[in-house]
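**Q** Before I ask anything, let me first share the structure, which is written out below as structure tokens.
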Amino acid sequence: MATRYDPLEDHYDPDLYLPIGDVVYQIPAPSITEADRIRPFLWGPEADGYKPDAEQADAEKMLGPAYLEMTKNEVPAPYVNHAGRTALIHFCSGPQGPELGRGHWVFAHLSERIDVQKLMKYMAAERDKKRNQDAAREAMKSKADV
């Protein structure tokens, strides 16, 4: 016996909703043709050649009417750019797109808040400290065994 599900549109909203300030912007899902056109620029061999002006144009197109609403609301450019890149990742990354988009939305700006160089130096120092402690313990154990 064949299985037939309810129509997907009855219980699944493919759009993306991004809250910025007091407004939740609705980004309409693109066609599969548009997502397939952009995907190689994000993840494929063309990624190195994805120029900022082309990404900006694709992001504005992907945001659709939300871009005009953001412009009208005077949303800061970095927020609009972040929303645009999030939408590109969300819609153009295949089945993992929503997870990757959410990760970008939440974590992409951390490098602006964290001194990555300082963090790396701290982590290296902690690693070296642990290695030295482990070596000292091993040396003491060897002396005790003699």
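The values are calculated or read from the model by the stated rules, or taken from the named source; none is laboratory data. Quick caveat, the model's predicted, so the values are computed rather than measured. Please note: Cβ atoms are built from the backbone with ideal geometry, for glycine as well, and neighbour counts cover all protein chains shown.
Here is a yes/no grid of residues against (1) among the hydroxyl-bearing types (Ser, Thr, Tyr); (2) within 20 Å of Gln56 (Cβ to Cβ):
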| site | (1), (2) |
| --- | --- |
| Ile89 | no, yes |
| Ser93 | yes, yes |
| His109 | no, yes |
| Asp115 | no, no |
| Met120 | no, no |
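**Q** Do we find a residue being surrounded by fewer than 10 Cβ atoms within 10 Å (Cβ to Cβ), closer than 19 Å to Phe41 by Cα and free of Cβ contacts under 8 Å to residues at least 40 places away in the same chain anywhere in the range 134-144?
**A** No, every residue in the range 134-144 fails to be surrounded by fewer than 10 Cβ atoms within 10 Å (Cβ to Cβ), closer than 19 Å to Phe41 by Cα and free of Cβ contacts under 8 Å to residues at least 40 places away in the same chain.
**Q** Is it the case that some residue within the range 106-113 is of a type in the set (Phe, Trp, Tyr) and either surrounded by 10 or more Cβ atoms within 10 Å (Cβ to Cβ) or touching a Gly at 6+ places or on another chain (Cβ under 6 Å) (or both)?
**A** No, there is no match, as no residue in the range 106-113 is of a type in the set (Phe, Trp, Tyr) and either surrounded by 10 or more Cβ atoms within 10 Å (Cβ to Cβ) or touching a Gly at 6+ places or on another chain (Cβ under 6 Å) (or both).
**Q** Here are Lys51, Lys72: which of them is surrounded by fewer than 18 Cβ atoms within 10 Å (Cβ to Cβ), more than 26 Å from Phe107 (Cβ to Cβ), assigned by TED's automatic domain parsing to the domain that holds Phe107 and not aromatic (Phe, Trp, Tyr)?
**A** Testing whether each residue is surrounded by fewer than 18 Cβ atoms within 10 Å (Cβ to Cβ), more than 26 Å from Phe107 (Cβ to Cβ), assigned by TED's automatic domain parsing to the domain that holds Phe107 and not aromatic (Phe, Trp, Tyr) leaves just Lys72.
**Q** Identify, please: which residue in the range 1-39 is over 18 Å from the mean Cα position of the chain (by Cα) and of a type in the set (Lys, Arg) and is, among those, surrounded by the fewest Cβ atoms within 10 Å (Cβ to Cβ)?
**A** Across the range 1-39, the extreme among qualifying residues is Arg4.
**Q** If I go through the range 38-70 residue by residue, how many of them are of a type in the set (Gly, Ala, Ser), part of a helix (DSSP H, G or I) and over 17 Å from Leu18 (Cβ atoms)?
**A** The total comes to 4.
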